[in-house]
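The values are calculated or read from the model by the stated rules, or taken from the named source; none is laboratory data. From a predicted model like this one, the values you see are computed outputs, not experimental measurements. Cβ sites come from the backbone with ideal geometry, for glycine too, and all protein chains shown count toward neighbours.
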Amino acid sequence: MRDDERKRPFDEDPDDEFEDLFEEEDDPFADDDDDPFEGLFPESSEEAELEEIEAQLQRLLGGEPTSELEERAPRFDRGRELEVRVTGVYERIEHGQPRALLVQVRDNYGRTVPIVIGPFEAHAIVSALNDDTPPRPMTHDLTRNILTRLGVSIDRVVIDDLWQGTFYAKIYLLHGDEEIEIDSRPSDAIALALRFRAPIYMAESVLEAEGQPEDYS
């Protein structure tokens with residue numbers, strides 16, 4: 001029941017560090033029209049290229065390459081998508097458990113779903129709920145400004161999947177007559193939907209799995 005907030009550091013090594021270590025050698029076949037190796041090896045297929053990319057990622061990041069999309073299949077039979085509304089952002093404090101920030105959404109049947117989010121996304125959602133305008137645009141405000149200047153709007157946001165306790169969402173953009181689907185974390189999708197005043201939906205299967213009766217106490 002988490003909105004994935006993990007980030008991996010990436011250290012980029014500039015190529016110019018090794019620029020002068022090796023002398024450039026002349027290509028013995030540069031002026032030869034006949035390549036002696038031509039035709040010996042078939043052109044790499046798309047599958048081979050994907051395997052090579054996966055291998056490079058494994059060397060860079062370490063560990064076994066993830067196949068999340070394959071492991072997630074088959075996904076929930078989503079069924080209907082019901083509109084939900086953001087009821088607030090809360091801090092969960094439970095004995096023996098680490099503190100967590102939650103954004104809570106509610107459907108028209110009184111079912112609520114809490115989603116764990118990070119502090120920056122919590123601030124972005126609260127700012128949108130309160131119609132606060134920062135003196136300088138924060139990340140989600142900047143994203144809204146960029147999309148608006150490009151003539152792109154958000155049609156809707158759908159929280160459509162739950163896998164190993166992690167929620168997944170999609171943002172549906174409109175650019176003229178074209179609809180563009182973007183994969184997103186629910187926290188970012190909600191923060192942007194609130195800024196565009198776009199509706200937020202949740203797959204009924206996710207609501208059935210995680211929905212809780214609203215507590216009026």
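Here are some notes:
- Within segment 86-98, residues that are free of Cβ contacts under 8 Å to residues at least 60 places away in the same chain reach partners that are loosely packed, with under 13 Cβ neighbours inside 10 Å with beta carbons closer than 9 Å, at six or more positions or on different chains, in the pairs GLU91/ARG99; ARG92/ARG99; ILE93/ARG99.
- Test: residue in segment 185-197 that is out of contact with any helix residue (DSSP H, G or I) (no Cβ under 6 Å at 6 or more places or on another chain), closer than 16 Å to THR87 by Cβ, surrounded by fewer than 21 Cβ atoms within 10 Å (Cβ to Cβ) and of a type outside the set (D, E, K, R): no
- Remark: LEU142 falls outside the filter, which requires a residue to be among the hydrophobic types (A, V, I, L, M, F, W, C), over 17 Å from GLU121 (Cα atoms) and assigned by TED's automatic domain parsing to the domain that holds THR87.
- Of all residue pairs spaced 6 or more apart or on separate chains, those with beta-carbon atoms under 6 Å, a first member in segment 160-188 that is hydrophobic (A, V, I, L, M, F, W, C) and a second member that is part of a loop (DSSP other than H, G, I, E, B) and buried (at least 17 other Cβ atoms within 10 Å of the Cβ) are PHE167/ASP3.
- Residue tally, condition surrounded by 12 or more Cβ atoms within 10 Å (Cβ to Cβ) and either modelled with pLDDT under 85 or assigned to a loop (DSSP other than H, G, I, E, B) (or both), over segment 69-104: 5
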